[in-house]
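Chemist: Have a look at this one before I ask anything.
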Amino acid sequence: MLVADYIYLHGFASSPQSTKSQKLRSYLQTYKVELKIPDLNQGDFSHLTLSRQIQQVEALFPLAPTPVVLIGSSFGGLTAAVLAQRNLQVQRLVLLAPAFGFQEYWLSQLSAAELQQWQSSGYLGVYHYGEKRTIPMHYQFIQDFLQYQGEQLQRSLPTLILHGRYDQTIPITASRKYASERPWVQLLELDSDHSLTDVIPAICEATSSFCKLF
C-alpha cells in the first residue's frame, strides 16, 4: 500500500505559520506523517489568484500513483476541492470551514461602489492576517475566480468537512448544503467560529481517524 503525501492549504490572507497548520503538522508527526505547508502567498499576495494556487499545489504532487491527501482551510479548502475534481491522485479531503460560496459571502461585504472602485483602480486594500498589515490586491483575483463559478465539484471521494456553527465569515449553511448534495461527504459541526483555533484538538483527532492513521 502506497503511503500518501499530505499537503495543507492555508486560508485567504493567511500563511503557513497559522496556528491550525502548525498544530496539525506537529500532531501528524506523531504518526510519522510529514505535512507539507506551501506558502500560497508566494511573496506576492497582491497578485494571488485561485488559478495560481492550483498550479502551485499541483507542482508539489508526487509522481503518480502516489496518493495525495489535501487538508484545506477556508479558501484553501475551496482550492483543495477544485484540485480534487481535477486530479485523481487526490484520494482524500479534509476541509476546515471551506469557502464554498466565497463570492456570495465574502464579496457581499463590499458595496457596489467599493466593487466599482476596485475594478476601476485595479486594487483593493485587504488586511492580511499573516503579514498583519493591509496589502493592495489586484482585481484579477475576482476576474480569475469568476471562471470557477461553473465548476461542478461532483467527484466522489472520501471528504470530511469540519465547520464552526458560529462562523460569520463563511456560514455553516454553505457546508451543510454542500454535504447534503454529496453522500460521500461527512460534515462535523463544531462549537466554534471561522478560525476554529479553539477546537484544534478535535480537528486533529477527527483528521487522524478519518485518514485511518491509527
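Taken together, the values in this text are just the output of simple stated rules run on the coordinates, not laboratory data. None of the values given here were measured: they were computed from a predicted structure. Please note: Cβ atoms are built from the backbone with ideal geometry, for glycine as well, and neighbour counts cover all protein chains shown.
Chemist: List the residue pairs whose Cβ atoms are under 6 Å apart, where the first residue sits in the stretch 15-37 and is within 24 Å of residue 194 (Cβ to Cβ), the second is acidic (Asp, Glu), and the two are 6 or more positions apart or on different chains.
Modeler: Partner pairs satisfying both residue conditions: 16/39.
Chemist: Just name the residue that is surrounded by the fewest Cβ atoms within 10 Å (Cβ to Cβ) out of those in the stretch 172-202 that are assigned to a strand (DSSP E or B) and among the aliphatic types (A, V, I, L, M). Steps first, please.
Modeler: Initial filter on the stretch 172-202 (assigned to a strand (DSSP E or B)): 185-190.
Among the residues that remain, those that are also among the aliphatic types (A, V, I, L, M) are: 185, 187-188, 190.
Working: 185: 20, 187: 17, 188: 15, 190: 20.
Per the criteria, the residue is 188.
Chemist: It is to be established whether one or more residues within the stretch 135-144 are closer than 18 Å to residue 57 by Cα and assigned to a loop (DSSP other than H, G, I, E, B). First the steps, then the outcome.
Modeler: As a first pass, look at the stretch 135-144 and keep what is closer than 18 Å to residue 57 by Cα: 141, 144.
After this cut, where a residue has to be assigned to a loop (DSSP other than H, G, I, E, B) as well, the list is none.
For the stretch 135-144, residues closer than 18 Å to residue 57 by Cα and assigned to a loop (DSSP other than H, G, I, E, B): absent.
Chemist: Return the residue satisfying two criteria in turn: it lies in the stretch 92-142 and is of a type in the set (Val, Ile, Thr) and free of Cβ contacts under 8 Å to residues at least 60 places away in the same chain, and of such residues it is nearest to residue 45 (Cα to Cα).
Modeler: Going residue by residue through the stretch 92-142, those that are of a type in the set (Val, Ile, Thr) are 94, 126, 134-135, 142.
Restricting the remaining residues to those that are free of Cβ contacts under 8 Å to residues at least 60 places away in the same chain gives 134, 142.
Details: 134: 11, 142: 14 Å.
Per the stated criteria, the residue is 134.
Chemist: How many residues are surrounded by 12 or more Cβ atoms within 10 Å (Cβ to Cβ) and more than 17 Å from residue 3 (Cα to Cα) when one looks only at the stretch 23-45?
Modeler: 10
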